[in-house]
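The values are calculated or read from the model by the stated rules, or taken from the named source; none is laboratory data. Here the structure is a predicted model, which means the values were calculated and not measured. Don't worry about glycine lacking a Cβ; one is built from the backbone with ideal geometry, like all the others, and counts go over all protein chains shown. Note: accessible area is taken over every heavy atom of the protein model, side chains too, but ligands, DNA and RNA are not part of it. Shrake-Rupley method; radii C 1.70, N 1.55, O 1.52, S 1.80 Å.
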Amino acid sequence: MSWLFFSVATALLWGTAELFYKKGARPDEKYSHLKISVWVGVVMGIHAVYTLLTQDIGFNPMNLLIYLPVSLFYIFSMTFSYFGMRFLEESISDPIENTAGVICVLLFAIFMGDEFSALTWIAVAVITVGVVGVSYLENKGETPRKKTYGKKLAVVAFIMPFLYALLDAFGTFLDDAFFLVEDIAAAPFVDVTEETMEAVANTSYELTFALFALGLFIFMKAKGVKFGSVPQHKDKILAAVFETAGQFTYVYALGGVDAVAAPILSSVCVVSLLLSRIFLKEKLSWKTYAFIAVVIVGILLLAVAEEL
């Protein structure tokens, strides 16, 4: 039952990462979202180097370019997410971001002609109702965000988790449809085997994130942005560590009973919601919490439906 331990561990690690992302994404620090991306790239780069030194995956550098479209979808989605976190409650942003699964279902239905069960479409409908409800309350002025940050910034911030969901869904779609396929001969990677394909893909992603982080660091230095000392970035660093650790346990969690592991892995937003309420003292209106609960129920339903 080790897969059950790793499933729970993944949900807890990623949920905790969301907490530290929020703490590190300070609204008064103009480039805090880019600094988070830099630290995530640093930690992922270290993990990628460790993988290359300790595992014989036969990594061909050409795979960096081959996997680049997927890597960029994931990287840009996360950077947009960090920007939104500067101004949004984690209790709102994380459930919206987890609707990426709905978009992915639609992409497979539209472009691959996949057919899905009635439960899947019910889950999609439930999530849609929840998201529309949260959006309505947000635009109706249930939060003081517009008064605090101004109407334009409040709207831009609210769009960010939706951009994350869209870009992450496209990355997942490309991953599942063209890269991490069961037929190794159909995979576009160079010099991979069935055993090394996922490790090569993940290492390519992590190295790309490290290069992206280097580019962001140079960009901020060129603009004269003060990066600050390492202790000043403890929340950002912890977020990156928990994110990368969650990726590690996620691989082992996939070896379990899908119908059980999937909803556990999809409960990250539940963990994030609880931690945000306890440690960040976030408090929303009961109407907003009700619609967020609807979104979470839909996400769990979708996870179950996709694995039955």
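Some observations on this one:
- When each of the peptides 125-138, 202-215 is scored by the mean number of other C-beta atoms lying within 10 Å of its residues, the order from highest to lowest reads 202-215, 125-138.
- For the peptides 58-70, 3-15, the ranking by packing is 3-15, 58-70, with the highest mean count of neighbouring Cβ atoms within 10 Å listed first.
- When you count the other C-beta atoms within 10 angstrom of each residue and take the mean per peptide, 172-180, 273-281 line up highest first as 172-180, 273-281.
- What the Cβ-Cβ distance of Phe219 and Ala118 gives, at R0 = 41 Å and to the nearest 0.05, is a FRET efficiency of 0.25.
- The range 17-95: C-alpha gyration tensor shape, a/c 1.5 cut-off, then a/b vs b/c: prolate
- Per residue accessible area of the chain, 1.4 Å probe, in Å²: 48
- Label-to-label distance for Ile46 and Tyr289 is 3.8 nm, based on points extended 7 Å past Cα in the beta-carbon direction.
- 222 nm mean residue ellipticity, helices alone, for the chain (DSSP H n ≥ 4; -39,500 (n - 2.57); rounded to 500): -25000 deg cm²/dmol
- In this calculation the C-beta distance from Leu106 to Lys151 is compared with R0 = 35 Å, giving a FRET efficiency of 0.70.
- Once the Cβ-Cβ distance of Arg26 and Val129 is raised to the sixth power relative to R0 = 45 Å, the FRET efficiency obtained is 0.85.
- Cα gyration tensor, the chain - rounded (a/c under 1.5), prolate or oblate: oblate
- Cα shape, the range 46-188, gyration tensor, a/c 1.5 rule: oblate
- A cut-off of 5 Å between modelled amide H atoms, ignoring neighbours fewer than 5 places along the same chain, links Ser267 with no other residue.
- Computed over the Cα atoms of the range 161-225, the ratio of the radius of gyration to the Kirkwood radius (Rg/Rh) comes to 1.13.
- Remark: the Asp183-Arg277 segment gains 29.4 nm on full extension, using 0.36 nm per residue and subtracting the alpha carbon distance.
- Reachable lysines, given that their alpha-carbon falls under 21 Å from the alpha-carbon of Lys140 and they are not under 8 places away in the same chain: Lys151, Lys152, Lys283, Lys287
- For Tyr67, nonlocal amide neighbours, meaning residues 5 or more places apart or on other chains whose placed amide H falls under 5 Å from its own, do not occur.
- With the simple model of a label 7 Å out from the Cα in the direction of the Cβ, Asn139 to Ile159 spans 1.3 nm.
- Residue-span extension gain [Leu65 to Thr193] - 0.36 nm each, minus C-alpha spacing: 44.3 nm
- The fraction of accessible area contributed by carbon and sulfur in the range 186-308 is 68 percent, rounded to a whole number (1.4 Å probe; ligands and nucleic acids excluded).
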